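Student: Could you have a look at this structure, given as structure tokens, before my questions?
The values are calculated or read from the model by the stated rules, or taken from the named source; none is laboratory data. Predicted model, so just to flag it, every value in this text is computed and none were measured. Here Cβ is always computed from backbone atoms with ideal geometry, including for glycine, and neighbour counts include all displayed protein chains.
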Amino acid sequence: MTNKTTPTATDSPFYDQLEIRDPQQRERELFAALPERIAHARTQTPAFGEIMAAIDPAAINSREALSRLPVTRKQQLFERQRSADTDVFGGFSAVGWRGLRAAGGARRVFQSPGPIYEPEGSAADYWRTARAIHAAGFRRGDLLHNSFSYHLTPAGSMMECGAQAVGCTVFPGGVGNTELQLQAIAELRTDGYVGTPSFLKILIEKAEQSGLSIDSLKKALVSGEAFPPSLRDWLGERGIAAYQCYASADLGLIAYETSAREGLVVDEGVIVEIVRPGTGIPVPDGEVGELVVTTLNPDYPLIRFGTGDLSAVLPGQCPTGRTNRRIKGWMGRADQTAKVRGMFVHPEQIAEILRRHPEIGKGRLVISGEMANDQMRLRVEINESAEGMATQIEDTMRDVTKLRGEVELCRPGSLPNDGKVIEDARSYD
């Protein structure tokens, strides 16, 4: 499976036929392609050659098999890039330029905060954003105003490649120069906007203040920030139908909003899992956890990449007819590391406590009190409690975290479904 798709007619609500595949067919095709991608990652990228040295790629042909692979996190990308003498990508990229291990194939290289470097391969619509742009109402012949950054980070290029795949003409506005960008929208009679929602609001407010007409602007795709319903409605009152998408410089498009306004539909080029924070263990559909993504991109083949973001799978299919899974969107950060009495407590440590006590369903560490008077209470869901069980778990907590705390035994289903395994409830006043 590659990034290549065959777009449908411009009047179709779907970008291509992949969006309306039978769900079982999609699963078969994704997991038929996955073993080849894993084998490619092992041979073409030293990082995954090391991470998956003991893995038989042919055996990774189902979600259950995929869930047994280790999760790779952004911090590992950063650490490997910093420690590599000759490979700025830390051994994760299969493309590069002269002087690197992968001596060709990279069209551009970008720098995200960290800094972390990301390659852009030569495939058309490399980040697969065309699907989200099409779902937001853009069509061939539209003029699209792209106000994402064209410098250092890839956001501007990500959206431009997708817009061109749809057949749009692009005005590369970039960031800043608000008055000039506003003038261009007014004079060019731009059809739609792509960028952050906050900058779109700024443009509209400045246009209203100056009396400048930008009434040609009827559609928008926003990303990079939270997009609350109040702002969506505010834009709608001004004649702009705005939709959001979830993408990253590492993975490209992950999910996108449709006219149904019910969560985000997962992109066709990735496999999404929701796992319990601090682990790689998938949670049941509907439970909040960390979003882990596997991309089938051969140039930058990230396998089980932990985004660090919280989300959950929505039940059912999108009312628009798209058949892929849906997620709720961004629901916070999964990294809930906290400092208690001078020592860091990590979600991975809570996961280790639960692993040592299989009788526990879910667990949540609540840190309370005032600074310098920290108190830890581990709330755990258990079907049936035995005498001395709380004390045993307290001993394990002290062994794992090197800190003392209390244990509260709770009935199943009583803990909040918000993805938190560490709740910092201390007062900082």
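Student: Could you please let me know if residue 334 is surrounded by fewer than 18 Cβ atoms within 10 Å (Cβ to Cβ) and either among the hydrophobic types (A, V, I, L, M, F, W, C) or within 30 Å of residue 104 (Cα to Cα) (or both)? Spell out how you get there, then give the answer.
Tutor: Working: surrounded by fewer than 18 Cβ atoms within 10 Å (Cβ to Cβ): no; either among the hydrophobic types (A, V, I, L, M, F, W, C) or within 30 Å of residue 104 (Cα to Cα) (or both): yes.
Answer is no for this residue.
Student: Might you let me know whether the range 347-358 holds any residue that is in contact with a strand residue (DSSP E or B) (Cβ under 6 Å, 6 or more places away or on another chain) and among the acidic types (Asp, Glu)?
Tutor: Checked the range 347-358: no residue is in contact with a strand residue (DSSP E or B) (Cβ under 6 Å, 6 or more places away or on another chain) and among the acidic types (Asp, Glu).
Student: Name every residue in the range 252-265 that is touching a residue at least 40 places away in the same chain (Cβ under 8 Å) and surrounded by fewer than 23 Cβ atoms within 10 Å (Cβ to Cβ), in order of residue number. Spell out how you get there, then give the answer.
Tutor: To start, the set of residues in the range 252-265 that are touching a residue at least 40 places away in the same chain (Cβ under 8 Å) comprises 252-260, 262-265.
Matches in the range 252-265: 258, 259, 260, 262, 263.
Student: Only one of these is modelled with pLDDT under 90, in the same structural domain as residue 173 (by TED's automatic domain parsing) and more than 22 Å from the chain's Cα centre (by Cα): 101, 107, 139. Name it.
Tutor: Details: 107 fails: modelled with pLDDT under 90; 139 fails: modelled with pLDDT under 90.
Just a single option satisfies the conditions, and that option is 101.
Student: Looking at (1) in contact (Cβ under 8 Å) with a residue 24 or more places away in the chain; (2) out of contact with any Gly (no Cβ under 7 Å at 6 or more places or on another chain), which is the one condition that is false for residue 133?
Tutor: Of the numbered conditions (1) in contact (Cβ under 8 Å) with a residue 24 or more places away in the chain; (2) out of contact with any Gly (no Cβ under 7 Å at 6 or more places or on another chain), the odd one out for residue 133 is (2).
Student: Restricting to helices (runs of 4 or more DSSP H) lying wholly in the range 3-89: which have 2 or more residues that are among the polar types (S, T, N, Q) and under 24 Å from residue 126 (Cβ atoms)?
Tutor: On the way: elements: 23-44, 46-51, 63-66, 74-83.
By residue number, 23-44, 74-83.
Student: Spot the failing condition for residue 300; the list is (1) surrounded by fewer than 21 Cβ atoms within 10 Å (Cβ to Cβ); (2) farther than 28 Å from residue 259 by Cα, and only one is missed.
Tutor: Just one mismatch for residue 300, condition (1).
Student: Is it true that some residue in the range 231-238 is surrounded by fewer than 23 Cβ atoms within 10 Å (Cβ to Cβ) and not in a helix (DSSP H, G or I)?
Tutor: Step one: filter the range 231-238 for residues surrounded by fewer than 23 Cβ atoms within 10 Å (Cβ to Cβ), giving 231-238.
Filter again for not in a helix (DSSP H, G or I), leaving 238.
Checked the range 231-238: at least one residue is surrounded by fewer than 23 Cβ atoms within 10 Å (Cβ to Cβ) and not in a helix (DSSP H, G or I).
Student: Follow-up. If I filter the range 384-393 for residues that are without any contact (Cβ under 8 Å) to a residue 12 or more places away in the chain and either at positive phi or surrounded by 14 or more Cβ atoms within 10 Å (Cβ to Cβ) (or both), do I get at least one hit?
Tutor: Scanning the range 384-393, I find at least one residue that is without any contact (Cβ under 8 Å) to a residue 12 or more places away in the chain and either at positive phi or surrounded by 14 or more Cβ atoms within 10 Å (Cβ to Cβ) (or both), so the answer is yes.
Student: What's the total number of residues in the range 17-38 that are within 17 Å of residue 72 (Cβ to Cβ) and either small (Gly, Ala, Ser) or in contact with a Ser or Thr (Cβ under 6 Å, 6 or more places away or on another chain) (or both)? Give the steps one after another, and end with the answer.
Tutor: The initial filter retains those residues of the range 17-38 that are within 17 Å of residue 72 (Cβ to Cβ), namely 34, 37-38.
Next, only the ones that are either small (Gly, Ala, Ser) or in contact with a Ser or Thr (Cβ under 6 Å, 6 or more places away or on another chain) (or both) stay: none.
Qualifying residue count, the range 17-38: 0.
Student: Considering only the range 309-330, state which residues are assigned to a strand (DSSP E or B) and either more than 20 Å from residue 278 (Cβ to Cβ) or hydroxyl-bearing (Ser, Thr, Tyr) (or both).
Tutor: Our first condition is that a residue be assigned to a strand (DSSP E or B); within the range 309-330, this holds for 309-311, 313-314, 326-327.
Passing the criteria: 311, 314, 326.
Student: Across the range 200-217, what is the number of residues that are surrounded by fewer than 15 Cβ atoms within 10 Å (Cβ to Cβ) and either in contact with a strand residue (DSSP E or B) (Cβ under 8 Å, 6 or more places away or on another chain) or outside the structural domain of residue 257 (by TED's automatic domain parsing) (or both)?
Tutor: 0
Student: To continue, here is another question. Restricted to the range 164-218, and to residues that are of a type in the set (A, V, I, L, M) and in a loop (DSSP other than H, G, I, E, B), which residue is farthest from residue 146 (Cα to Cα)? Don't jump to the end; show me each part of the working.
Tutor: So in the range 164-218, the residues of a type in the set (A, V, I, L, M) come out as 165-166, 170, 175, 180, 182, 184-186, 188, 194, 200, 202-204, 207, 212, 214, 217.
Checking which are in a loop (DSSP other than H, G, I, E, B) leaves us with 175, 212, 214, 217.
Values: 175: 9, 212: 19, 214: 15, 217: 13 Å.
For the range 164-218, the residue satisfying everything is 212.
Student: Here's another thing I want to ask about it. Could you say which residue among 290, 273 is part of a strand (DSSP E or B), within 20 Å of residue 73 (Cα to Cα), acidic (Asp, Glu) and out of contact with any helix residue (DSSP H, G or I) (no Cβ under 8 Å at 6 or more places or on another chain)? Full working, then the answer.
Tutor: Numbers: 273 fails: out of contact with any helix residue (DSSP H, G or I) (no Cβ under 8 Å at 6 or more places or on another chain).
Criteria check complete, one pass: 290.
Student: Return yes when residue 70 is surrounded by fewer than 13 Cβ atoms within 10 Å (Cβ to Cβ) and under 21 Å from residue 291 (Cα atoms) and no when it is not.
Tutor: Numbers: surrounded by fewer than 13 Cβ atoms within 10 Å (Cβ to Cβ): no; under 21 Å from residue 291 (Cα atoms): yes.
Considered against the rule, which asks whether it is surrounded by fewer than 13 Cβ atoms within 10 Å (Cβ to Cβ) and under 21 Å from residue 291 (Cα atoms), residue 70 comes out as no.
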